[in-house]
Amino acid sequence: MNLIGFLYIARRSTHQLTLTPIHWTVEIMDIFTAFVFLTLVVSTTKAFDPCASPSSESKGSDLSVIHVYGQCSPFNQHKAGSWVNTVINMASKDPARVTYLSSLVASPKATSVPIASGQQVLNIGNYVVRVKLGTPGQLMFMVLDTSRDAAWVPCADCAGCSSPTFSPNTSSTYASLQCSVPQCTQVRGLSCPTTGTAACFFNQTYGGDSSFSAMLSQDSLGLAVDTLPSYSFGCVNAVSGSTLPPQGLLGLGRGPMSLLSQSGSLYSGVFSYCFPSFKSYYFSGSLRLGPLGQPKNIRTTPLLRNPHRPTLYYVNLTGVSVGRVLVPVAPELLAFDPNTGAGTIIDSGTVITRFVEPVYAAIRDEFRKQVKGPFATIGAFDTCFAATNEDIAPPVTFHFTGMDLKLPLENTLIHSSAGSLACLAMAAAPNNVNSVLNVIANLQQQNLRIMFDVTNSRLGIARELCN
């Protein structure tokens, strides 16, 4: 007796996850063989450790990227079933961050500007990476931030810091830096005497209600299989307030103190990340450093440079479509202007995409036209509707120079805890005098490979299942 069946094999590629049907004919005796094979597959799957570091056999230098609420995060305080409320709470912190990002270009000569995220680490959508600092390496979970350059970590005997902290005394390669070194002039808020020699100390404000004092230092930084022997960072010795990431921050911006700049030719000015969904509690994404292992076929758009704030990754957003309708928006509301800081940036630390108010209003109004109301407001989300109408929700497409990004539905909508409502997962930027910046945030970047090629001034985006 012959049995005809279908086996669906999940095939993962750079751009998509497909299900491929395979036909086969088996005899009764072959059924047992198939059963044993499937049992082995299930057993292997059960043995998979989602918190394990990427294999050393993977191409390039891959680090696990973990959401602060994920199972693998030491800061995890997530409660099962409450992730929607968590995102709503995190999104409520966005205005402070967007205001901060806007202030960077509005006040390029400020002497005291925060170099770390303006929100509390357990209330934001930031992602952390595992690194090792010092010799021997001390494990630290540092917040990944594309809109910062300098890194910093809380050090032993820090007043007001939470534990664990980095211990310079137990590292054989640690060194403090003097005011005379070039790096000292590259940190903001520095404090050095006008004459003589002294350690390079700097003070920073942070998040509106916090500040810290740090000493510029150097030590070995371990990133997956790579080691940077003389990595400069701030060794924090005192903090006030409650909004500092407990184990520090890793700056992935474009400035001279960033990881890319300090790594020299090691990574050729290229890195990418893939953020897992907020809902993927048990899995992590990846931070890939260097050109090896990057997608071969990837759509790109030029990276624009603002000389007043070279840290930020600007791109040219030319328009937004809702369904088949190109939303009517005045060109000057999207145009890049380095003098005012206007334009659009890609940011890893903002939770939901924020547009300047006239742009967001136009997108929201067109979205509402195509979805049946009534509409309600939940937290930062002002366009929530019955989830039963989700099947008619139009896709949202971002149009960049040379590239269109059609957002997957999971990157466009967020659902209420009860699942009865679906909400457009975007909002207006804070309405203040510096509100000229549009921010493409991490919820809209989930399950996408975002590649930053600083050397060739381009940003690439490819579909990828990051979880």
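The values are calculated or read from the model by the stated rules, or taken from the named source; none is laboratory data. Since the model is a prediction, treat every value here as computed from it, not as a measurement. Backbone-built Cβ (ideal geometry, glycine too); neighbour counts: all protein chains shown. Remember, those area values only see protein heavy atoms, side chains included, never the ligands or the DNA or RNA. Shrake-Rupley method; radii C 1.70, N 1.55, O 1.52, S 1.80 Å.
For the range 271-288, the condition of being touching a His at 6+ places or on another chain (Cβ under 9 Å), over 20 Å from Ile66 (Cα atoms) and touching a residue at least 24 places away in the same chain (Cβ under 8 Å) holds for none of the residues. Of the residues examined, Met426 is one that is crowded, with 22+ Cβ neighbours inside 10 Å and at pLDDT 95 or above. Of everything listed in (1) touching a helix residue (DSSP H, G or I) at 6+ places or on another chain (Cβ under 7 Å); (2) buried (at least 21 other Cβ atoms within 10 Å of the Cβ), the single unmet condition for Gly269 is (2).
Yes/no per residue for (1) at pLDDT below 90; (2) open to solvent by less than 10 Å² (accessible area, probe 1.4 Å); (3) small (Gly, Ala, Ser):
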residue: Gln262; (1), (2), (3): no, no, no
residue: Ser280; (1), (2), (3): yes, no, yes
residue: Phe283; (1), (2), (3): yes, no, no
residue: Arg288; (1), (2), (3): no, no, no
residue: Pro291; (1), (2), (3): no, no, no
residue: Asn297; (1), (2), (3): yes, no, no
residue: Thr300; (1), (2), (3): no, no, no
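Across the range 330-386, the number of residues qualifying as closer than 30 Å to Ser420 by Cβ and among the β-branched types (Val, Ile, Thr) comes to 10.
Filtering the range 380-410 to residues that are in contact with a Cys (Cβ under 8 Å, 6 or more places away or on another chain) and among the hydrophobic types (A, V, I, L, M, F, W, C) leaves Phe381, Cys384, Phe385.
Kindly list, by first and then second residue, each pair from a residue in the range 450-467 that is closer than 14 Å to Leu289 by Cα and at pLDDT 95 or above to a residue that is open to solvent by less than 40 Å² (accessible area, probe 1.4 Å) and basic (Lys, Arg), limited to pairs with Cβ atoms under 8 Å and residues at least 6 apart or on different chains. Partner pairs satisfying both residue conditions: Val454/Arg254. Can we say Asn442 is touching a Gly at 6+ places or on another chain (Cβ under 6 Å) and either of a type in the set (A, V, I, L, M) or closer than 23 Å to Val65 by Cβ (or both)? Yes. Scanning the range 387-401 for residues that are open to solvent by 40 Å² or more (accessible area, probe 1.4 Å) and farther than 12 Å from Leu317 by Cβ returns Thr388, Glu390, Asp391, Ile392, Pro395.
The set of residues from the range 200-250 being aromatic (Phe, Trp, Tyr) and modelled with pLDDT of 95 or more comprises Tyr231, Phe233.
Scan the range 306-324 for residues that are of a type in the set (D, E, K, R) and either under 23 Å from the mean Cα position of the chain (by Cα) or surrounded by 23 or more Cβ atoms within 10 Å (Cβ to Cβ) (or both) and report the count. Give the derivation first.
Filtering the range 306-324 for residues of a type in the set (D, E, K, R) gives 309, 324.
With the extra rule that they be either under 23 Å from the mean Cα position of the chain (by Cα) or surrounded by 23 or more Cβ atoms within 10 Å (Cβ to Cβ) (or both), the set shrinks to 309.
Looking only at that region, the number is 1.
When we screen Pro193, Pro136, Pro164 for residues that are surrounded by fewer than 16 Cβ atoms within 10 Å (Cβ to Cβ) and within 27 Å of the chain's Cα centre (by Cα), the only hit is Pro164.
On the basis of being assigned to a loop (DSSP other than H, G, I, E, B) and in contact (Cβ under 8 Å) with a residue 60 or more places away in the chain, does Thr344 make the cut? In short, no. All conditions but one from (1) among the hydroxyl-bearing types (Ser, Thr, Tyr); (2) farther than 13 Å from Val454 by Cβ; (3) outside any strand (DSSP E or B) apply to Ser321; the one that does not is (3). In the condition set (1) closer than 26 Å to Thr301 by Cβ; (2) surrounded by 20 or more Cβ atoms within 10 Å (Cβ to Cβ); (3) of a type in the set (Gly, Ala, Ser), Ala380 is compliant with all but (1).
Please note which strands (runs of 3 or more DSSP E) are completely contained in the range 196-273 and include at least 2 residues that are farther than 15 Å from Gly160 by Cα and among the aliphatic types (A, V, I, L, M).
Details: elements: 201-206, 210-223, 226-240, 249-251.
By residue number, 210-223, 249-251.
Contact annotation: residue pairs with Cβ atoms under 6 Å, 6 or more positions apart or on different chains, pairing a residue in the range 411-427 that is under 15 Å from Ile352 (Cα atoms) with a partner that is among the hydroxyl-bearing types (Ser, Thr, Tyr) and assigned to a strand (DSSP E or B), are Leu424/Thr383; Met426/Thr353.
For (1) open to solvent by less than 40 Å² (accessible area, probe 1.4 Å); (2) out of contact with any strand residue (DSSP E or B) (no Cβ under 9 Å at 6 or more places or on another chain); (3) modelled with pLDDT of 90 or more; (4) of a type in the set (Val, Ile, Thr), each residue gets a yes or a no:
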{"residue": "Thr111", "(1), (2), (3), (4)": "no, no, no, yes"}
{"residue": "Asn126", "(1), (2), (3), (4)": "yes, no, no, no"}
{"residue": "Arg148", "(1), (2), (3), (4)": "yes, no, no, no"}
{"residue": "Pro154", "(1), (2), (3), (4)": "yes, no, yes, no"}
{"residue": "Pro168", "(1), (2), (3), (4)": "yes, no, yes, no"}
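A single entry from Ile414, Ile450, Ile440, Ile461 fulfils the requirement of being touching a helix residue (DSSP H, G or I) at 6+ places or on another chain (Cβ under 8 Å), open to solvent by less than 60 Å² (accessible area, probe 1.4 Å) and aliphatic (A, V, I, L, M): Ile414. What are the pairs, 6+ residues apart or on separate chains, where a residue within the range 316-330 that is without any contact (Cβ under 8 Å) to a residue 40 or more places away in the chain has its Cβ under 6 Å from a residue that is among the charged types (D, E, K, R)? Listed by first residue and then by second, the contacts come to Val327/Glu366. Report whether or not Arg368 is at pLDDT 95 or above, more than 20 Å from Leu448 (Cα to Cα) and open to solvent by 50 Å² or more (accessible area, probe 1.4 Å). Judged against the criteria, Arg368 is a match. Any residue that is assigned to a loop (DSSP other than H, G, I, E, B), touching a strand residue (DSSP E or B) at 6+ places or on another chain (Cβ under 8 Å), under 26 Å from Arg305 (Cβ atoms) and open to solvent by 40 Å² or more (accessible area, probe 1.4 Å) - is there at least one of those in the range 351-364? Checked the range 351-364: no residue is assigned to a loop (DSSP other than H, G, I, E, B), touching a strand residue (DSSP E or B) at 6+ places or on another chain (Cβ under 8 Å), under 26 Å from Arg305 (Cβ atoms) and open to solvent by 40 Å² or more (accessible area, probe 1.4 Å).
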